[in-house]
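Structure record follows, encoded as structure tokens.
Taken together, the values in this text are just the output of simple stated rules run on the coordinates, not laboratory data. Every value quoted in this text rests on a predicted model; they were computed, and no experiment measured them. As a convention, Cβ positions derive from the backbone with ideal geometry for all residues, glycine included, and neighbour counts pool all protein chains shown.
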Amino acid sequence: MTNPSPDPLLALFNVNTFYGQAQVHFDLSITVARGHIVCLLGGNASGKSTTMKIILGLVKPRSGEVTFDGASLIGLSTPQIVRRGIASVPEARRLFADMSVRENILMGAFVRNDREAVALDLDRMLTLFPKLGQRLSQRAGSLSGGEQQMVAMARALMSRPRMIVMDEPTMGLSPLYVDRVLDLIRSINQVGVSVFMVEQNASLALEIAHEAYVLQTGRIVLSGPARALKDDPRVRDAYLGGSEAA
Amino acid sequence: MSSWLDYTINGLIVGNVYALVAVGLALIFGVSRLINFAQGSIYLVGAYIGWVAVVRLHTPLPLTIIVVAAATAVVGLIIERFGLRPLQNSVRIAPLLATIGISFVLDQLVMLTFSPNPRALPSQLPDVRFQLGGGTIGPLDLLIAGVGLTSALLLFVFLRYTKLGWAVRATAQDRDAAMQMGVDVNRVNQAVFGIAAALGGVSGMLVGMYYNQIDTAMSLQATLKGVVAEVVGGAGNVPGAVIGSLLLGLVESYGVAVFGTSYRNLFAFLLLVVVLVLRPNGLFASARQAPPEPLTGTFIAPSRPVRIPRWALLVAAAAFAVLPFFPVSSYVLQTLINAWLLGMLALSLTLVAGTIGQVSLGHAALLAIGAYTSALLSLTLAVPVGLAVIGGGLMSAALGTLLISPSFRLRGHYVSIATLAIGEIVSLVILNWESVTRGPIGISGIPPLSLFGHDLISPLSVYWFSFAVMLVLALVQGRLLGSHLGRSFRAIRDDDIAARAYGLSLNRYKSLAFIFGGFAAGVSGGIAAHLYSYINHETFNTQQSILALTVVILGGLGNVVGAIVGSVALVGLPELFRIAAEYRILIYGIVLLLLVRFRPQGLLGTI
């Protein structure tokens with residue numbers, strides 16, 4: 001296990017989560033240092049997406065602590081958490097399909113009240129994602145998967161978040177877009193936004209992440225700097241079931 | 001009114017009124033996937049607030065409209081805050097039942113405040129009519145059209161250009177994603193309920209002025225028409241609701257032109273059933289807009305039923321069987337006879353709604369079919385009453401199952417809407433099929449109950465007869481639930497896709513449930529007909545369907561003993577406390593609300 005950074009931006013400490021009788025997380029502890037990209041790896045049903053939902057307040061843990069910038073998030077509603085500075089790129093994008101691309105991007109700025117600055121940020125998004133410029137008045141549901149991912153990322157950035165949580169940002173994208181998305185995550189991070197991403201594709205995620213955690217049936221079985229984990233055979237073992245399932 | 005143009009204008013005006021109700025329903029459904037059965041009650045409240053404003057306070061028309069809109073908006077906000085928000089995390093049937101309970105409470109409060117007698121609501125507009133082509137149009141027509149168009153425009157501006165409007169649209173399309181953008185879904189719900197209530201209230205006031213009459217029966221009719229228009233247009237689709245409403249108005253108006261006034265509602269419900277069966281997502285819903293109803297299992301609260309030892313049941317049954325030997329008044333026996341009759345209906349509904357998960361809101365129609373069949377068999381064909389009652393049960397089983405079968409592929413809320421519509425259709429057919437049912441006059445002089453040639457006239461014999469019939473039905477149903485068949489029923493309720501994957505034919509099992517349930521309800525209706533000696537198309541109405549549903553929820557869905565306990569409680573307790581008849585329905589509504597909130601699994605638990 002790595003030493004948690006002394007003043008992390010986000011920290012989960014001994015989180016236990018249940019769906020009815022079934023326990024999803026066992027004493028889950030994760031930290032995201034300021035300015036870092038942290039990825040959470042794991043196979044199907046390992047509890048990755050639930051971790052996202054815990055951070056966003058969509059699922060309440062039974063015990064444990066979640067802090068953001070030193071303050072507890074437990075008991076806050078999702079909108080309150082978003083106002084603290086966490087934006088999300090949900091699994092499968094979850095765009096507002098019948099709203100236009102412009103409306104979708106502006107929905108990201110829902111928590112802001114500075115209209116002029118929002119308009120400027122919209123222009124900035126169009127320089128960051130030039131392709132979206134021609135699509136602004138199109139229905140978001142009519143875009144391709146890769147274009148939708150761009151909209152989802154622009155939407156997340158519009159709230160000027162301090163951290164973005166992403167649920168499988170490369171899922172279902174063509175290889176071309178996968179590279180593009182990874183580049184974007186890196187450049188988002190370079191302007192100071194921390195990133196917490198959940199991924200199945202370990203080799204891709206480890207390429208851009210600073211730290212990584214490997215989750216297996218609700219427990220962290222491996223963690224450390226991404227560079228070190230890249231060549232660690234135990235990462236692959238964790239995916240293939242490892243000791244738990246056997 | 002004579003020309004087709006007149007009928008078209010009338011259809012469009014009435015459609016405009018429906019649109020005000022249906023748009024509110026569509027907004028609410030869009031945001032919270034809930035069919036708000038209290039919408040008609042708000043419409044009723046709007047009409048009466050309008051009456052108070054016009055007749056008592058003498059407000060000018062523009063002020064009347066503002067007063068009505070504001071007051072009903074407040075009612076909507078209260079309903080959302082105290083009736084529905086506490087149920088956010090409960091099973092999906094809970095808010096549906098809550099709106100039904102709220103609707104009963106509101107209707108009864110209006111009735112208790114203003115008395116059930118109709119009142120005149122003058123329109124304050126000059127009584128002139130302008131020639132328009134071959135037809136005429138009056139100032140009130142123009143006012144309704146104007147209010148409709150203005151509301152549509154305001155709503156469009158709200159949804160398209162305001163932040164809250166964006167939040168409403170985003171929530172309707174993806175609730176979780178909207179929350180992740182920082183949208184406070186509670187505020188969205190509030191906004192939507194406020195708007196829907198204001199539109200509904202103004203609509204009620206306008207209708208009151210249009211017919212210069214308001215009464216408490218308006219409520220259910222408005223809910224039904226609004227739901228029809230909304231579902232026809234595609235649930236949750238706001239422009240669809242407007243088009244559905246205009247279409248409904250025209251269909252009704254032309255139907256009246258060709259067949260006569262008493263057919264108006266029949267056309268509305270036939271349109272609904274046809275749309276539900278052929279295009280359950282409505283005429284204008286794209287495949288994506290209406291997400292599929294979740295599996296029925298999430299619709300009903302799972303729970304551990306209360307175990308009652310067999311000896312306790314035997315003791316209770318024996319106690320009720322020997323009760324007449326003790327010095328009890330015939331009033332007590334009469335009350336219990338009513339409980340046994342309601343018990344049979346509740347057995348039927350608890351099987352259909354609880355065990356196999358098809359929440360029927362039109363169960364009184366099965367009573368009506370059984371009652372009319374038994375009454376007509378004994379009167380016109382001189383069939384012995386005992387056999388006629390069985391005939392009523394069989395007819396109810398056959399006809400009820402046949403009528404509901406096209407709706408077998410529907411789920412969740414849609415089953416409730418379809419059964420509600422079918423219930424209304426049965427009552428309207430009874431009203432209009434005069435050669436057989438004697439129409440609005442009803443059937444009088446129905447012979448009393450008899451068994452093997454002996455008339456059962458004394459309360460004692462009727463008590464034993466109805467108790468015995470109910471007991472036999474309950475025993476058979478109890479055996480059924482413990483068998484393989486009962487397990488298949490519950491499998492379909494809990495997860496119909498999984499059940500189908502295991503090779504269960506849904507249609508066959510749903511048919512079986514409705515056949516058994518239809519028989520029990522039909523027998524109950526048959527016995528009732530011979531007890532009352534007079535029935536008409538209103539004897540078995542939606543209030544009874546809802547009462548039966550309350551009984552079933554009180555006892556625990558699917559719970560045979562619970563159905564009987566619930567019947568005795570809901571029939572007996574008001575008698576015990578000598579509660580005046582006009583307060584009873586209010587109490588049923590409150591009981592339903594409290595149950596949904598605090599004990600959704602009922603007294604004895606879901607089986």
**OP:** Return the average number of partner chain Cβ atoms within 10 angstrom of each residue Cβ along peptide A:69-81.
**Re:** 2
Original post:
Once phi is turned into θ = phi - 60°, what whole-Hz ³J(HN,Hα) does the Karplus curve with 6.51, -1.76 and 1.60 give for every residue of segment B:416-424, x standing for Gly and Pro?
Top reply: 4, 5, 4, 5, 4, 5, 5, x, 5
**OP:** Pop the C-beta distance of B:H484 and B:N507 into the FRET formula with R0 = 22 Å and round what comes out to the nearest 0.05.
**Re:** 0.80
Original post:
Once the convex hull of the C-alpha atoms of segment A:118-228 is built, how many Å³ does it hold per residue, rounded to a whole number?
Top reply: 119 Å³
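Computed over the Cα atoms of chain A, what is the convex hull's projected area averaged over all directions, in nm²?
13.3 nm²
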Subject >> chain B: equivalent-ellipsoid semi-axes (sqrt of 5 x gyration tensor eigenvalues, Cα, Å) >> reply: 41, 28, 23
Subject >> In degrees, nearest ten, helix B:185-211 long axis to first principal axis of chain B (Cα) >> reply: 90 degrees
Subject >> Sorted largest first, extent of segment A:99-160 alpha carbons per principal axis (Å) >> reply: 31, 20, 17
Original post:
Tilt of helix B:218-233 relative to the longest C-alpha principal axis of chain B, in degrees (0 to 90, nearest 10)?
Top reply: 70 degrees
Original post:
Given a Förster distance of 60 angstrom, what is the FRET efficiency for B:F259 paired with A:D237, based on the Cβ-Cβ distance and rounded to 0.05?
Top reply: 0.20
Subject >> DSSP bridge pairs, the protein assembly as shown: antiparallel proportion in percent, nearest 5 >> reply: 60 percent
**OP:** Give the whole-number value, in cubic angstrom per residue, of the convex hull volume spanned by the C-alpha atoms of segment B:4-282.
**Re:** 128 Å³
Original post:
If one computes the Cα centroid of segment B:302-332 and of segment B:227-245, what distance in Å separates the two points?
Top reply: 48 Å
Subject >> Coarse-grained scattering of the protein assembly as shown at q = 0.04, 0.06, 0.07, 0.08 Å⁻¹, given as base-10 log I(q)/I(0) from a Debye sum over alpha-carbon atoms >> reply: -0.22, -0.48, -0.64, -0.81
Original post:
When the helices in chain B are scored as -39500 (n - 2.57) per DSSP H run of 4 or longer and the sum is shared across all residues, what 222 nm value do you end up with, to the nearest 500 deg cm²/dmol?
Top reply: -23000 deg cm²/dmol
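To the nearest 20 debye, what charge dipole does the protein assembly as shown have about its Cα centre, counting +1 at the Cβ of each Lys and Arg and -1 at the Cβ of each Asp and Glu?
780 debye
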Subject >> Nonlocal amide H pairs with A:L10, under 5 Å, H built at 1.01 Å >> reply: A:V32, A:D69
Subject >> Peptide A:105-111 - average C-beta neighbours from other chains (10 Å radius) >> reply: 5
**OP:** Would you give the gap between the C-alpha center of segment A:111-129 and the C-alpha center of segment A:3-66, rounded to a whole Å?
**Re:** 31 Å
Original post:
Using Cα-only point scatterers and the Debye equation, what is log10 of I(q)/I(0) for segment B:44-200 at each q in 0.09, 0.11, 0.16, 0.17 Å⁻¹, rounded to two decimals?
Top reply: -0.41, -0.60, -1.06, -1.13
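Give me the number: length gained by fully extending B:L153 to B:F452, i.e. 0.36 nm times residue separation minus the C-alpha to C-alpha distance, one decimal in nm.
On the way: separation 299, 0.36 × 299 = 107.64 nm, distance 6.92 nm.
Once the chain is fully extended between B:L153 and B:F452, it gains 100.7 nm.
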**OP:** For chain A, with a Gaussian network of springs between Cα atoms less than 10 Å apart, report the residue from A:Q149, A:Q134, A:Q200 with the top mean-square fluctuation.
**Re:** A:Q134
Original post:
Using the beta-carbon distance between A:E116 and B:L594 and R0 = 45 Å, what value does 1/(1 + (r/R0)^6) give for FRET efficiency, to the nearest 0.05?
Top reply: 0.30
Original post:
In units of 2.2 N^0.38 Å, what is the alpha-carbon radius of gyration of segment B:306-598?
Top reply: 0.97
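Run lengths n ≥ 4 of DSSP H only: what is the helix-derived mean residue ellipticity at 222 nm for chain A, with -39500 (n - 2.57) per run over all residues, to the nearest 500?
-10000 deg cm²/dmol
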Subject >> Relative contact order, percent, segment A:120-231 [alpha-carbon distance under 8 Å, six or more residues apart] >> reply: 18 percent
Original post:
At 25 °C and 0.890 mPa s, what whole-number value in µm²/s does Stokes-Einstein give for the translational diffusion of segment B:538-607, with Rh from the Kirkwood sum over Cα pairs?
Top reply: 202 µm²/s
